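The next block holds one structure in the form of structure tokens; read it before the comments.
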Amino acid sequence: MSDRKTELLTNLSDAVVEMDADKAVDNARAAVAESVDAYEAIDQGLAHGMERAGRLFEEEEYFIPELLLCSDAMYGGLEILRPHVRIDENEKSGKVIIGVIEGDTHDIGKNLVKIMLETSGFDVVDLGRDVPPAHFVERAREVEADIIAVSTLMTTTMEGMAEVIAVLRRENLRGRFKVIVGGGPISAAFARKIGADGYSPNAASAARLAKTLLREPQEVG
Amino acid sequence: MPHSVTFLPAGRSVDVPSGTTLLEAARLARVALASPCNGAGMCGKCRVKLDGAEDAVFACSTDVAADLRVTVPPALGETSLKVLEHGIGISVPLEPSVAGDYGVVVDIGTTTLVASLVDLRSGAERASAASFNPQAHHAQDVLSRITLAARPQGLALLYGTVTNAIGALLDELAQATGVAREEVREIVYSGNTAMLHLATGTDPASLGKHPYTPKLATPARLIAREHRIRIAADGLIYLPPVTSGFVGADITSGMLAARLGEIKGVSLFIDIGTNGEMVLAVDGDLTATSTAAGPAFEGMNVSCGMRAGDGAIEAVEIGDGDEAVLGVIGGVAPRGICGSGLLDAVGAFVARGIVAGSGRFRDGRRTFELAADVAVTQRDIRQVQLAKGAVRSGLDLLLAHAGISYEAVDRVLIAGSFGFHLRPESLFRLGLLPRAFDGRITFLGNTSKTGGQALLLNASCRARMAELVRRVKVLDLATFPQFQRVFIESLQFAERIPAYV
């Protein structure tokens with residue numbers, strides 16, 4: 001790899017971690033002008049930076065505002081680079097249906113997870129909040145999602161998550177989708193209890209969890 | 001196939017079907033097992049040891065699949081709690097709605113209960129008594145209690161628990177004054193909407209789901225003996241009107257005690273707590289909202305957090321050499337930190353530049369040690385940010401909705417036991433309240449009780465409050481399009497946050 005290319009990729013990654021949208025845009029433009037492969041610039045530059053930002057968030061170094069500023073920088077660079085990605089390379093990591101379960105309207109956590117998934121290359125379909133369990137399943141079928149991600153902030157609506165899995169089982173679809181859950185009152189123990197495929201304590205690790213799940217061989221459900 | 005589960009050291013056994021959790025089995029066997037998170041697998045308080053096993057398990061996450069002998073560790077127990085029994089009162093003409101000599105107000109808090117015996121002929125408080133709300137043993141926070149009570153056995157458990165505790169307070173008042181329980185003609189239940197549901201055996205499930213509509217009709221008068229409350233034979237329970245699922249009778253009492261319906265100018269009434277309720281009054285026009293501040297203010301979900309009992313650090317200042325000067329409840333060695341101490345500590349960190357506006361320790365450290373066994377961690381600071389952000393964004397949106405600037409707020413009235421122990425300076429340092437409120441803050445104390453006393457003593461207050469509550473406009477912050485942006489900006493520790501109006 002040429003020194004110049006390495007420099008641009010490093011700058012893109014740093015721009016995201018430093019929450020510097022101008023720097024991200026400038027370096028994305030330079031990458032395009034200097035014919036650096038746009039896919040590489042995203043994958044090894046911007047997304048690399050977002051992954052670092054996610055780790056800082058998990059280590060409590062960064063908090064929600066910083067994570068959002070990092071994603072602003074990421075999206076700034078992405079806008080420049082995306083049109084230059086060759087079609088065959090523009091494959092997504094996977095498709096995720098995400099929403100807040102029925103009865104709950106708190107969606108900031110869900111929105112953070114959505115950003116982290118998108119910046120990791122997932123195609124995300126957002127169902128919003130107060131989403132009935134059956135609607136998750138219906139939409140997941142329609143868009144042929146790989147993963148159903150369900151969020152809640154309230155203990156009173158947690159049972160709706162179990163219902164999503166129950167609907168999948170009733171319709172003999174459990175093996176077709178991975179189900180991941182998260183939110184304030186959710187724990188790994190709860191996720192196991194309801195038979196979810198995964199739980200993540202925060203937005204950054206949710207993206208990693210989603211990637212890990214899709215790498216695993218599909219089980220027969 | 002049923003299995004027999006024996007709980008030690010109590011030695012009580014119960015037969016349960018396969019798949020029953022150990023926590024459910026313990027409840028059936030009437031074995032006290034703390035479960036503040038109501039079986040969500042979060043709090044770790046229900047740890048028990050199975051016979052022959054090395055490690056402890058969570059009773060809530062362990063299913064019974066064989067005959068078992070289970071050892072329950074001794075409860076740590078809450079030895080003491082600072083309860084605020086007094087508050088600013090209002091004098092009302094003596095026109096009680098019942099004939100008789102005595103009445104009682106019970107402030108049914110999520111954490112504590114306060115009961116006050118009032119002489120209906122003179123209006124004087126004869127005695128006051130307080131205790132924990134023992135429901136917390138089964139489910140700590142309001143939402144966990146709603147979840148538990150969504151099933152009939154759970155509702156029966158919580159209803160019985162609080163009814164017994166109210167009975168014990170009535171006994172205590174009787175003993176202290178010599179006034180027999182039978183001489184009490186009426187009890188006012190002042191508390192949040194969920195607590196009123198649970199104290200009357202009403203299914204609270206609808207409060208746990210958007211749009212959080214109460215099932216209980218208020219105001220209402222109930223026959224006390226039908227609710228297992230032994231007072232005069234024809235004794236009544238009065239339930240004050242509630243504004244919404246999250247703005248309850250305690251706030252109605254507060255609105256009355258603070259005279260929000262009559263007072264001229266702009267008043268902001270705030271009850272800072274797990275569910276931070278606030279009411280903006282502009283020349284008698286009221287708008288209310290509630291904010292999900294979470295448990296950090298009660299010292300919960302914090303590494304060295306504890307309730308405001310003996311050994312809790314309740315006040316902190318940081319000196320020039322970064323040394324901590326501590327106020328500890330009970331004059332004993334510090335064991336942990338309660339909500340007010342935590343806010344003081346983090347406020348002092350911000351003021352001294354130990355913590356940046358972003359909430360991060362500036363010098364890369366991960367913890368700040370206050371005492372030998374008590375430290376504030378980076379994660380604790382994040383918890384404070386979430387709680388503070390919830391209250392501040394609620395306040396900003398409430399004011400923005402009414403088109404009112406900070407400077408135009410004439411008075412800030414802080415109600416509740418937690419608020420009473422807060423220092424305004426810490427609130428400003430954190431940006432929990434804007435510094436523009438300096439000099440305009442009054443701490444009202446337990447207005448749930450004092451407002452409840454006015455409702456007990458004056459029947460026309462009841463009619464007036466029913467009318468006022470009907471007129472209160474309620475804002476559902478989560479549905480505001482700008483809520484997320486305002487909340488996230490409010491996470492910063494900044495004395496001045498950009499205006500959103």
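The values are calculated or read from the model by the stated rules, or taken from the named source; none is laboratory data. This structure is a prediction, so every number in the text was calculated from the model and none was measured. FYI the Cβ positions are ideal-geometry reconstructions off the backbone, even for glycines, and counts take in every protein chain you see.
Let me confirm something: among B:363, B:322, B:380, which residue is in contact with a strand residue (DSSP E or B) (Cβ under 9 Å, 6 or more places away or on another chain) and farther than 30 Å from residue B:476 by Cβ?
Of the residues listed, the single one that is in contact with a strand residue (DSSP E or B) (Cβ under 9 Å, 6 or more places away or on another chain) and farther than 30 Å from residue B:476 by Cβ is B:322.
Among the residues in region A:64-71, are any away from chain B (no Cβ under 14 Å) and either farther than 30 Å from residue B:383 by Cα or of a type in the set (Val, Ile, Thr) (or both)?
no
Is there any pair linking a residue in region A:1-21 that is outside the structural domain of residue A:120 (by TED's automatic domain parsing) to one that is part of a helix (DSSP H, G or I) and acidic (Asp, Glu), with Cβ under 7 Å and at least six apart or on different chains, and which?
What qualifies is A:19/A:66; A:21/A:72.
Take the residues in region A:96-110 that are away from chain B (no Cβ under 12 Å) and in contact with a Phe, Trp or Tyr (Cβ under 8 Å, 6 or more places away or on another chain); name whichever of them is farthest from residue B:476 (Cα to Cα).
Restricting to residues being away from chain B (no Cβ under 12 Å) and in contact with a Phe, Trp or Tyr (Cβ under 8 Å, 6 or more places away or on another chain), the top hit is A:96.
Residue-wise test of (1) farther than 25 Å from residue B:487 by Cβ; (2) away from chain B (no Cβ under 14 Å); (3) in a strand (DSSP E or B); (4) at pLDDT 95 or above.
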{"site": "A:83", "(1), (2), (3), (4)": "yes, yes, no, no"}
{"site": "A:112", "(1), (2), (3), (4)": "no, no, no, no"}
{"site": "A:115", "(1), (2), (3), (4)": "no, no, no, no"}
{"site": "A:128", "(1), (2), (3), (4)": "no, no, no, yes"}
{"site": "A:135", "(1), (2), (3), (4)": "yes, yes, no, yes"}
{"site": "A:138", "(1), (2), (3), (4)": "yes, yes, no, yes"}
{"site": "A:149", "(1), (2), (3), (4)": "no, yes, yes, yes"}
{"site": "A:153", "(1), (2), (3), (4)": "no, no, no, no"}
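Check B:145, B:121 and return the single one that is of a type in the set (Lys, Arg) and touching a residue at least 40 places away in the same chain (Cβ under 8 Å).
Checking each option against the conditions leaves just B:145.
Are any residues in region B:438-495 part of a loop (DSSP other than H, G, I, E, B), buried (at least 17 other Cβ atoms within 10 Å of the Cβ), away from chain A (no Cβ under 14 Å) and touching a helix residue (DSSP H, G or I) at 6+ places or on another chain (Cβ under 7 Å), and if so, which ones?
Within region B:438-495, just B:446 meets the criteria.
Please verify whether residue B:295 is modelled with pLDDT of 90 or more, of a type outside the set (A, V, I, L, M) and surrounded by fewer than 24 Cβ atoms within 10 Å (Cβ to Cβ), treating the condition exactly as stated.
So residue B:295 does not fit the description; no.
Which count do you get for residues in region B:91-127 that are over 19 Å from residue B:240 (Cβ atoms) and out of contact with any Leu (no Cβ under 7 Å at 6 or more places or on another chain)?
6
I need a count of the residues in region B:227-255 that are under 29 Å from residue B:180 (Cβ atoms) and either surrounded by fewer than 24 Cβ atoms within 10 Å (Cβ to Cβ) or not charged (D, E, K, R) (or both).
Adding up the residues that qualify gives 16.
Taking into account only those residues within region B:30-49 that are buried (at least 18 other Cβ atoms within 10 Å of the Cβ) and at pLDDT 80 or above, which is nearest to the other protein chains (Cβ to nearest Cβ)?
Result: B:46.
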